[in-house]
Structure formats: structure tokens, C-alpha cells
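**Student:** Pasting a structure here, questions to come.
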Amino acid sequence: MPTPESLEHRVARFVETTPVHDIHTHLYDPGFRSLLAWGIDEQLVYHYLVSESFRQMDLPFERFWSASRSEQAEFVWKALFVDHSPVSEACRGVLTTLHALGLDARHQDLPSIRAWFAEQKPDDFVDRVLSLANVRSVCMTNSPFDDEERAYWEARPVRDSRFQAALRIDPLLLSWPESAARLRGWGYAVGLEPSAGTVSEVRRFLADWTLRIKSRYCMVSLPPTFVFPSANDTNWLIEQAVLPHCREFDQPFALMMGVKRAVNPLLRMAGDGVGRSDLNALQNLCASHPENRFLVTCLARENQHELVVLARKFRNLHPFGCWWFTNTPQLIEEITTMRLELLGTSFTPQHSDARVIDQLIYKWQHTRAILARCLTQKYAAMAAAGWPVTDAELQRDVTELLGGAFQKFCGSGPQ
Ligand code: FIX
Ligand code: ZN
């Protein structure tokens, strides 16, 4: 008689074979050629690695930034993979990715790794990565305020259905006077004050872009200083334009809370930091707008417990992801276990935040291993209490956790 499969193996099998819907990335539809990042040099100049590499080299900041992208990649490679062991999570990510692609990074031979990538055809490479990572679809981050990206959208691209859109509106909510000027330049008759006319023009802008890009949700990242309610531009824009817009389009509003931008501007994109958010703002939003739905991730570890408790109180709140500085094995395990223990399966444990398509491989391989471990512990405890999980239940739970619960939360909206 064959030995029964262990619970650990069963859970791992379901977690590995269930395709994921990745609900937040910075990837682009392959049709947006110049925007889709892939390959070893892009992996190496990922801002997670850039900030780590500056700790291990004396190079003046300006020398690094004035170098070509390939020279920057060489600086990072030398600092983090040759002169020191690649122990950090972001470094391990490069190793996992290269290994899964069949490349041997151990020889520290960057030229031969580059030569392998140079032979790949971008479209085939995208297919291969999605298949290796077992990713069904990804949400992009789409900003009308980005000139290069806007030009692609205005050319009405043929879409790849695996790449879904999400409307990113940080400049609108966080730099209103400058954004108002841009909106006026695009033909929206807005003033600086929240008059009825201005609010309706901001809503027209949001509606136009939601329809143009077929956005699934609207999204903003917020500093730790965000408060709600309050008498400022961010607040009236959220209350009078964004929330009514989300209600009209039956879409959630995604909040990424707790990022301190440009803590060290010398690091450019790698210079952002973290701060503890005041989640009273989120409580007030959820309580005062029960007809809106909020997708929320917090950057600070200190906010994770409060976020989960809030989600128990407000079913219009869906926690997601272990974002950026919390996307490390120890914190993912802690946060995911806490969420399972307090919310069951009604949340989305992870998004990749990948900026380079290759990274989908490591982000999901690393997350899946931890998710399987957390779930195994929970199912073992259920079995001990007389409720062994069936295959059908396991499949249902894993499907929910890997994007199914998010899809339900998102509602119908434009697909
Ligand atoms: O605001 C965001 O969506 C963040 O994810 C980015 O700003 C950040 O640079 C990042 O890539 C984190 O993973
Ligand atoms: Zn992001």
C-alpha cells in the first residue's frame, strides 16, 4: 500500500500548483515595449539592491548615478555578490531567479549570464516567467501622470489580458496644485478649491482613465502623516471625488500606507523609508463610508496587528500583501500567521510588487514556501481538533488566498 502523502506535502502541492493572481506589481503589458523591464541588469539595478549596495561600496552617489545602467549593474554585482555573500532577501531573489532559469550564478560570471539573457526573445521570456512563477495574471500600476506611459495609453494599445490595469493617483491626491495645472492642460476645467465644478471635472478625469485603461481599482500610497478626516486637499479629493468615483464604478480604493518618500534623496528611487501610520484614519474612512471598499497594505510592522483587528470590524476592508520592507521571510510568516488566526482566509497574503518580470519567479517561490508552512500549521491544528481538511477545501482556501478573495472583493467593474 502506498504511504499516504503527508499534510505538509499536500498543502505544498496545492500552494505550488494553484496559479496566482498578483494584485499589485510595477510590471507592464509586453506591448508597452520600453516600459517592460526584464533581464539580469534590470534585476541588479532593482532599488532594493541599490540601497543595499551603497552600504558595501565607497563610490560617491553621483558616480553611481552618472554611470550607464550596465555599469550600475556591475557595481551592484561586485558589491553584493562578489565582495560579500548574497545573504539578504533581495540578493537571494536574484539567486532563486537565475537558478530557476537554469543559470549558474555561483561562478560569478556576469558576462555569461548577460549573454544568456541577450539570446532570449522578450515575448517568449514573459511566457516562460509567468509559467515558471505559476502566475495567471498581474495588476499593473498605471499612472496618467507618467508621460511615457500616458503616450502608450493614448495610442490605444492592443491589450494582453494577463496584464490588468490599476489606476495610480498619488500625484492627484498628494500634490494637488501641480496636478490641477496638469489636469487643466489635459482639458479638465479644475480650480484649486473644491467647487462643484472642480469636483465633477476630477471625477470626469478619473472616469475617463478608468474606462481608457479598464482599471480594476484606484490606488494611492500615503505617508505616515495621513489623517482622515482633515481639512486639506488630500481629504476633499478622496471624499468628494475618489470615493464617489469608486462607488459609481463599483471598485475598491487601494491604500498603501506608511511610506516616507525621499528620506535620503541621494539614493533617488532607493531612498524611500517607512513610518508608523495612524490607522484611526483608516478606521474613520471605513466607518464613514460603508458603501466603499478599501484594499489596504501597511508598510510598518507596527501597524500590522491593528490593521488585522480593523478588518475584523469592517468587512469593507481587505488587507493585502507584505509590502516592500515587510516582504522578508520572517515578517511574512509572522504577518500571514496573524492574519490567518484573526481573519481565516478573508485576505490576500501577498502581492509581488515586482518591477522586473523575472522577479515574479523569486517573489512567488519565496512566498509560496512560507504560505504553505503557515497553512500546514493551521490545518494540523484543525486536524488535531477533529477536522482534517479535504482536498476540495484545501483547493478552495488556496484559490482564495492566491487572488480569489481579492477578485470577489473587487466586484464586477470593467474587466
Ligand atoms: O508605492 C509603491 O507602489 C511601492 O511599491 C513603490 O513605490 C516601491 O518603490 C516599491 O517598488 C516597493 O516594493
Ligand atoms: Zn508598489
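Every read-out reported here was derived from the displayed coordinates using simple, explicitly stated rules and does not represent laboratory data. These numbers were taken from a predicted model, which means no experiment stands behind them. Positions of Cβ are generated from backbone atoms using ideal geometry, with glycine treated the same way; all protein chains shown enter the neighbour counts.
**Student:** Give the range of the longest stretch in the chain that excludes all GluC sites (Glu not before Pro) found in loop regions by DSSP and having at most 16 other beta-carbon atoms within 10 Å.
**Tutor:** Of all site-free stretches, the longest is 120-290.
**Student:** From the helices alone, meaning DSSP H stretches of at least four residues, give me the mean residue ellipticity at 222 nm for the chain, per-run term -39500 (n - 2.57), in deg cm²/dmol to the nearest 500.
**Tutor:** On the way: 20 runs with 198 residues, N = 415.
One gets -14000 deg cm²/dmol as the mean residue ellipticity at 222 nm.
**Student:** Under the definition of Cα pairs under 8 Å and six or more residues apart, what whole-number percent is the relative contact order of the chain?
**Tutor:** Taking the mean separation of contacting Cα pairs over the length of the chain, I get 22 percent.
**Student:** Another question, then. Going by how many other beta carbons lie within 10 Å of each one, how would you line up W176, W77, fewest first?
**Tutor:** Values: W176 20, W77 23.
Going from least to most buried by this count: W176, W77.
**Student:** Let me ask something additional. I need the calculated FRET efficiency for the pair D124 and K313, taking r as the beta carbon distance and R₀ as 45 Å, to the nearest 0.05.
**Tutor:** Numbers: r = 48 Å, r/R0 = 1.06.
Computed FRET efficiency for D124 and K313 comes out at 0.40.
**Student:** Assuming a viscosity of 0.692 mPa s and a temperature of 37 °C, what translational diffusion coefficient in µm² per second does Stokes-Einstein assign to the stretch 330-377, Rh being the Kirkwood radius over Cα pairs? Kindly include the intermediate steps, with their values, before the conclusion.
**Tutor:** On the way: Rh = 11.3 Å.
It comes out at roughly 289 µm²/s.
**Student:** How high is the FRET efficiency between K214 and M1 when r is their beta carbon distance and R₀ equals 41 Å, given to the nearest 0.05?
**Tutor:** Here the calculated transfer efficiency is 0.20.
**Student:** Taking 0.36 nm per residue of separation and subtracting the Cα-Cα distance, what length does fully extending A189 through Q56 add?
**Tutor:** Going from the current span to full extension adds 42.8 nm.
**Student:** Shifting gears a bit: In nanometres, what is the gap between the two model label sites at R182 and S200, each 7 Å from Cα along Cα-to-Cβ?
**Tutor:** 2.5
**Student:** Cα-based Rg (one decimal) and Dmax (whole number) for the chain, in Å?
**Tutor:** Spelled out, the Cα radius of gyration and Dmax of the chain are 21.9, 76 Å.
**Student:** How many percent of the alpha carbon pairs in the stretch 268-415 exceed a separation of 22 Å?
**Tutor:** Values: 4816 of 10878 pairs.
Beyond 22 Å sits 44 percent of the P(r) for the stretch 268-415.
**Student:** Compute the normalised compactness of the stretch 1-124: alpha-carbon radius of gyration over 2.2 N^0.38 Å, N being the residue count.
**Tutor:** 1.32
**Student:** Still on this model: Among C246, C286, which comes first, then next, by fewest other beta-carbon atoms within 10 Å? Show your work: numbers first, answer last.
**Tutor:** Working: C246 25, C286 21.
Least crowded to most crowded, the residues run C286, C246.
**Student:** Continuing with this model, one more query. So which of K260/K378; K378/K408; K121/K378; K78/K214; K260/K363; K313/K378 end up more than 31 Å apart by C-alpha?
**Tutor:** Over 31 Å Cα-Cα: K260/K378; K121/K378; K78/K214.
**Student:** Note the full-extension length gain between R114 and W387 as 0.36 nm times their separation in residues minus their Cα-Cα distance, in nm to one decimal. All intermediate terms of the calculation are to be shown ahead of the outcome.
**Tutor:** Details: separation 273, 0.36 × 273 = 98.28 nm, distance 5.14 nm.
Value of the extension gain: 93.1 nm.
**Student:** Which whole-Hz couplings ³J(HN,Hα) result when phi for each residue of the stretch 242-251 is put into the Karplus expression 6.51 cos²θ - 1.76 cosθ + 1.60, θ = phi - 60°, listed in order with x for Gly and Pro?
**Tutor:** 5, 5, x, 4, 4, 5, 4, 9, 6, 10
**Student:** Using alpha-carbon pairs under 8 Å, 6+ residues apart, how would you state the relative contact order of the stretch 271-391 in percent?
**Tutor:** Reported relative contact order: 19 percent.
**Student:** Could you list which residues have their amide H under 5 Å from that of A254, counting only those 5 or more apart in sequence or on another chain, with H placed in the peptide plane?
**Tutor:** C218, M219, V220, L295
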